[in-house]
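Attaching a single structure in structure tokens format; questions to follow.
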Amino acid sequence: MKRNFPGHQKNINKIDAYPGAIHYKLSFYILLSYFILMKFSDISMDMIDFTPDGFIKIGDDRFILTSAESLGNLRKQLIGTIGKRLAMGVLMRYGYASGYRDALDLKKKYDWDSEEDWMKAGPMLHSIEGVARVRTKKLTFDREAGLFYMEGIWTDSYEALEHKKYFGESDEPVCWTLMGYASGYCSAFLGHEAICLERSCEAMGDNICSFTVKTRDQWGSEADEIIEALKPTTIGEDLSYMEKLIRDKTAALEEYSKGLEAMVQNRTRELTREKELARSIIETSNVFIVATDVRGRITLFNRGAQMISGYDKDEVLGKDFYELFHPAEPSKKREEYVELMIKNAYPRTVDEPIKIKNDGERTISWTETALRNEYGSVIGVIRFGMDVTLRKQLEKELIESRNEAELYLDLLAHDVNNMNQVSLGNLEMTEIKLQDASEDIIGPIRQAIDAIAKSSSLIDNVKKLQRIKYFEEAFSRVDLNDAILESIKYYKKIANKKVEINYEPAPGSYILATPLIGEIFANLLDNSVKYSRDEVTIWIRVEKIKSGKKDCYRIIYEDDGTGIDDDFKKRLFYIFKRGSRKGLGLHIVKNLVEKYGGEIRVDDRVPGDYKKGAKFLITLPAADQNKLRH
């Protein structure tokens, strides 16, 4: 039965006046004089008395409040002074003595409702002291048989939190005082040695601290480290241990020093070899390599530089790079160099002409980068150059040749086409006048008309091919559906042949293309009409597919014309290949498809039987939907 406690509410209010404090050592055995047949749950903060003269008492016993941070700093000082192992022993033995004494005093002075209540009073004391919130998960024991097993949880252990604050995350449990207290209390309760091991710890990054208590025999060798830490030691033993620790550390440092010295020597040899190799490569390379200091004076001039410039190394070392190789404008080049240094524009690549020995000139393609010292400050520039004089000359000649070819082509397209149109007009008028003439007379005229039409078509195709290969026309968003429908309009009107075109409209099939997109379908349709019998059926459909991670459109184009044999399929898209088919049409198709980032291939419409028509598969990337909004 619990007795009434005078001043109960007053004492609670007094406790509230000391927030954030925990008990340095709190033994509640005096308060138990107020209980008859005590239960562990009877223990509470209500029993603490704050006296007018400034003492904290329970019964006749005086207690002290101190902060968790102070105890954490004490732990830090112990570890820093005597090392982690000895500090663990000191704190664990302190906890063990406290727990052992509490258990015996509680048993001696008070009558417990059960042995289990006596045992559970220990975890309750720790909870009230504020060292951690203790919860017993499992407890079984037989004191006569010497068997004991306990599992529990420490939540918000001050030891774990303070250790982590000062030392960071640990690789082993650190609640040493708590383990010592539990070991001491359980040992006194059981009558012989019981050991507490922490299984998880908040200082290790775990969510909670958990512990298990068993007898020494039940643990076997697993608890040897804790048992060793709990053994009482003398100053002499501790000093001997520290001396041994110092000797071991010194020996380890000496061994590490030897290894480090060997590593440094090996690395120094490696760096020397690498330096010599780099120097050898630089010196013997055919690349023009020249280094200058911050004032532009030459500090390195390799064999490649000597071969290209005509200067010997001894002639240029220490000389001004800009006056030597840019004599017409050395100040301008030097100012450009300084500006690049200020803007931190290195590395960079640039092509420029330089003056060489004997009044010659070469064009060098430089790759330049800054040289820096160990502090990161710029101390010069190193240049790696390739002689591109011949390449530049060839590029210039190529541009001139292309411009000349374009001029001739423009003349051909304009003047020859004009002449073709005059000839075609005269022949067509003659054909009309002689329409009743015999085939011997009218036949050659029609052949001439056809030849002139093909000549004009050939010139037109050459111009289109020139546009595809040499002109960068702007891309825009194009609806495939519109391009296909526009091409179909013309071929449905052909009078001398029955052409049936079956197309499944697919509006909104956008791609990025140039104005020549319609030539793809015009040339395919022209090819089907030309190489078919008196009538031809064509099927066209568009479907959206995934090619890798990209959205694409696949155009399936089929006809039932004469087909394409396997041997001719291999050279179908290449220009000026002799065979049963001639012209540039399909070559233009392939070039346009590839210009738009797509691909094309040809198969048989009926697999294995090319004579039943051809099947073209064209894949083109879909236009980015975000671009469609602009």
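Since every read-out is calculated from the coordinates, none of them should be taken as a lab result. It should be emphasised that the depicted structure is a prediction, and the values quoted were computed from it without experimental measurement. In this analysis, Cβ positions are derived from the backbone assuming ideal geometry, glycine residues included, and neighbour counts consider all displayed protein chains.
Would you mind checking which residues have amide H under 5 Å from GLY561's amide H? H placed 1.01 Å from N; only 5 or more apart, or other chain.
Counting only residues 5 or more places away or on other chains, the set is ALA614.
Also, quick follow-up: Determine, for each peptide in 511-520, 177-186, the mean count of other beta carbons within 10 angstrom over its residues, then list the peptides with the highest first.
177-186, 511-520
Sticking with this one: With the cut-off at 20 Å, report for the stretch 254-360 the share of all Cα pairs above it, as a whole percent.
54 percent
Further question on the same structure: Please give the per residue volume of the convex hull enclosing the alpha carbon atoms of the stretch 309-406, rounded to a whole number of Å³.
With only Cα atoms used, the stretch 309-406 gives 135 Å³ per residue.
Applying the Karplus parametrisation 6.51 cos²θ - 1.76 cosθ + 1.60 with θ = phi - 60° to the phi angles of the stretch 156-164, what ³J(HN,Hα) value in whole Hz is obtained for each residue in order, glycine and proline being reported as x?
Coupling constants for the stretch 156-164: 6, 4, 5, 5, 5, 5, 5, 4, 5 Hz.
Just to verify a number: FRET efficiency for GLU261 and GLU374, C-beta to C-beta distance, R0 = 25 Å, to 0.05?
0.70
Shifting gears a bit: Please list, in chain and number order, the residues 5+ apart from SER285 or on another chain whose amide H is under 5 Å from its amide H, with Hs placed from the backbone.
ARG303, GLY304
To continue, here is another question. Which whole-Hz ³J(HN,Hα) couplings does the stretch 311-317 yield from phi under the Karplus relation 6.51 cos²θ - 1.76 cosθ + 1.60, θ = phi - 60°, glycine and proline marked x?
8, 7, 4, 5, 6, 10, 4
Arrange the peptides 107-113, 294-300 so that the one whose residues have, on average, the most other Cβ atoms within 10 Å appears first.
294-300, 107-113
Roughly how many nanometres apart are two label points built 7 Å out from the Cα toward the Cβ at ASP248 and LYS498?
Rounded to a tenth, the inter-label distance reads 10.3 nm.
Longer than 29 Å from Cα to Cα, which of LYS333/LYS392; LYS489/LYS615; LYS57/LYS84; LYS497/LYS595; LYS231/LYS258; LYS489/LYS595 are they? Say none if no pair is.
LYS57/LYS84; LYS497/LYS595; LYS231/LYS258
Another question, if that's okay. Determine by what factor the alpha-carbon radius of gyration of the stretch 209-305 differs from 2.2 N^0.38 Å, reporting the quotient.
2.46
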